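Scroll down for the structure; my scribbles are underneath it.
None of the figures in this text is laboratory data; all of them are computed from the coordinates on show. Since we're looking at a predicted model, the values are computed, not measured. Reconstructed Cβ throughout: ideal geometry from the backbone, glycine too, with neighbour counts over all protein chains shown.
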Amino acid sequence: MTIPIAIIGAGIAGLSAAQALQKAGQTVHLFDKGRGSGGRMASKRSEAGALDLGAQYFTARDRRFLAQVQEWQAHGSVAEWKPHLYNYKAGQLTPSPDEQVRWVGVPRMSAITRALLKDSTVNFNCRIAEVFRGKHYWHLQDTEGCSHGPFSRVIIAVPAPQATQLLTAAPKLAATVASVQMDPTWAIALGFESPLDTPLQGCFIQDSALEWLARNRSKPGRDEHVDTWVLHATANWSKQHIDLAKEAVIEQLLGNFAELIGCAVPAPCFSLAHRWLYARPSSNHEWGALADPDQGLYACGDWCLSGRVEGAWLSGQEAARRLLEHLD
Ligand code: FAD
Ligand code: NAI
């Protein structure tokens with residue numbers, strides 16, 4: 001009997017590891033607490049269409065990741081996004097074009113992890129509470145009290161604060177992971193019946209509660225009938241307003257948006273707010289992935305590298321590489 005490898009987290013890091021292990025002939029079994037894959041690259045279905053509330057786009061600076069992105073592009077799950085970019089600073093909104101290539105999933109960000117999942121074995125709506133070792137193998141206990149296993153090895157591919165709780169079997173690893181701080185981001189989406197009268201499609205913002213805004217339907221493959229916008233608050237504002245009610249978050253950030261966008265902003269016909277508690281690591285690391293190879297426990301995720309989609313994907317590759325290196 002082949003004993004599979006468990007991967008906790010079906011975000012881009014977990015799925016990157018899964019793909020590399022499957023390519024090497026290993027059997028994996030994924031677990032995710034969410035209803036679907038993607039994690040912070042998931043897209044929220046709403047009455048205004050699917051909205052990318054987390055990762056907005058990604059860049060590819062590492063040649064291995066670029067090769068992967070080009071493969072996704074050839075399969076149609078990724079396309080280049082060429083927004084009219086602006087910069088907002090000291091009360092001034094100015095066009096800010098550049099040469100950077102930016103990628104998005106099509107027709108929504110979650111298309112990428114959906115394609116990576118293919119026919120992998122995965123348990124969704126399954127939050128793992130404990131990772132423990134039996135006599136020979138690993139077992140996982142979920143929050144409903146169900147036990148899963150046996151597994152030969154375990155890869156933990158979740159944000160660092162959530163990973164710490166799953167690493168009690170490896171106190172040294174747990175201590176390293178516990179040192180990683182992750183900051184929150186409040187995200188809101190607004191929809192307008194009539195398109196706003198602005199050419200702006202993406203904007204980097206300074207000196208405001210907001211740090212980013214994007215016109216969702218300017219991304220390739222989107223076909224919403226309303227003009228939807230996604231706005232992200234800064235880490236500082238998000239921390240200061242972490243427990244604010246969603247309606248109040250929408251009201252305040254809508255106010256900031258109306259002040260800076262430079263055109264009339266009518267009442268939105270649609271709005272929602274989402275709080276990302278562990279949106280990004282407060283600093284970058286160069287760990288690649290973390291491992292206790294003797295026990296067969298691995299941890300990966302964006303927080304091991306750059307806190308971006310590219311970093312998460314590379315970290316998943318590195319976890320798989322280190323695991324394969326230690327197989328008998
Ligand atoms: P995640 O995507 O967080 O995946 C972890 C998965 O583990 C999740 O699906 C979660 O449900 C699951 N999980 C957690 N705990 C458990 C548990 N106990 N049991 C089971 N499952 C569990 N990056 C860019 O490159 N460009 C951007 O423009 C960009 N913008 C961003 C904007 C926002 C608001 C946010 C939040 C992130 C943004 N990022 C961006 C960062 C990017 O989204 C992440 O770096 C990347 O998606 C992280 O992938 P991951 O697999 O490491 O983690
Ligand atoms: P990138 O190269 O497009 O952006 C990096 C940074 O450079 C931007 O944040 C911005 O400050 C600046 N910048 C880039 N182009 C600009 C332009 N034309 N005009 C003005 N400023 C410009 O992409 P990269 O390096 O892949 O970064 C990904 C993006 O994801 C960043 O914007 C980052 O802030 C964002 N992110 C947001 C998170 C969140 O929780 N809100 C989490 C992780 C990433």
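In nm, give the distance between the simple-model label positions of Ala74 and Gln240, each being 7 Å from the Cα along the Cα-to-Cβ direction.
About 4.9 nm separates the two model spin labels.
Using a Förster distance of 51 angstrom, determine the FRET efficiency expected from the C-beta separation of Ala129 and Asp223, and round it to 0.05.
Computed FRET efficiency for Ala129 and Asp223: 0.80.
No solvent, one uniform scatterer per C-alpha: report log10 I(q)/I(0) for region 112-158 via the Debye equation at q = 0.25, 0.27, 0.28 1/Å, two decimals.
-1.02, -1.09, -1.12
List every residue whose amide H lies under 5 Å from the amide H of Ser43, counting only residues 5 or more places away in sequence or on a different chain, with H placed 1.01 Å from N in the peptide plane.
Placed amide hydrogens put Ser110 under 5 Å from Ser43.
If you take the beta carbon distance between Ser96 and Asp197 as r and set R0 to 22 Å, what does 1/(1 + (r/R0)^6) give as a FRET efficiency, to the nearest 0.05?
0.65
Give the long-range amide H neighbours of Ile7: residues separated by 5 or more places, or on another chain, with amide H under 5 Å away, using H modelled in the peptide plane at 1.01 Å from N.
So Ile7 has HN proximity to His29, Leu30, Phe31, Ile155.
Restricting to Cα pairs below 8 Å that are 6+ residues apart, what does the relative contact order work out to for the chain? Please round to a whole percent.
This gives 22 percent for the chain.
What percentages make up the Cα-Cα pair-distance distribution of the chain when the bins are 10 Å wide from 0?
Result, from short to long distances: 6, 26, 33, 22, 11, 3, 0 percent.
Quick one: Karplus J couplings for region 232-241, per residue in order, coefficients 6.51, -1.76, 1.60, θ = phi - 60°, nearest Hz, x for Gly and Pro?
10, 7, 5, 4, 4, 4, 5, 5, 5, 10
Kindly count the pairs of lysines across region 125-272 whose alpha carbons are less than 30 Å apart, treating pairs on different chains or eight or more residues apart as eligible.
Qualifying lysine pairs in region 125-272: 4.
Convex hull volume of the Cα atoms in region 43-108, per residue, in Å³?
Each residue corresponds to 123 Å³ of Cα convex hull volume.
By what distance, in whole Å, do the Cα atoms of region 254-322 stretch along each of the three principal axes, largest value first?
That works out to 60, 20, 18 Å along the principal axes.
If each of Met1 and His274 carries a label point 7 Å out from its Cα toward its Cβ, how far apart are those two points in nm?
The answer from the label model is 3.9 nm.
Can you tell me the convex hull volume per residue for region 19-175, based on C-alpha atoms, in Å³ to the nearest whole number?
Looking at region 19-175, the number lands at 190 Å³ per residue.
Once the Cβ-Cβ distance between Arg321 and Glu247 is put in as r, and R0 is 56 Å, what FRET efficiency do you end up with, to the nearest 0.05?
E between Arg321 and Glu247, to the nearest 0.05, is 0.75.
Among Trp237, Trp186, rank each residue by its count of other Cβ atoms within 10 Å, from fewest to most, as a rough exposure measure.
Trp237, Trp186
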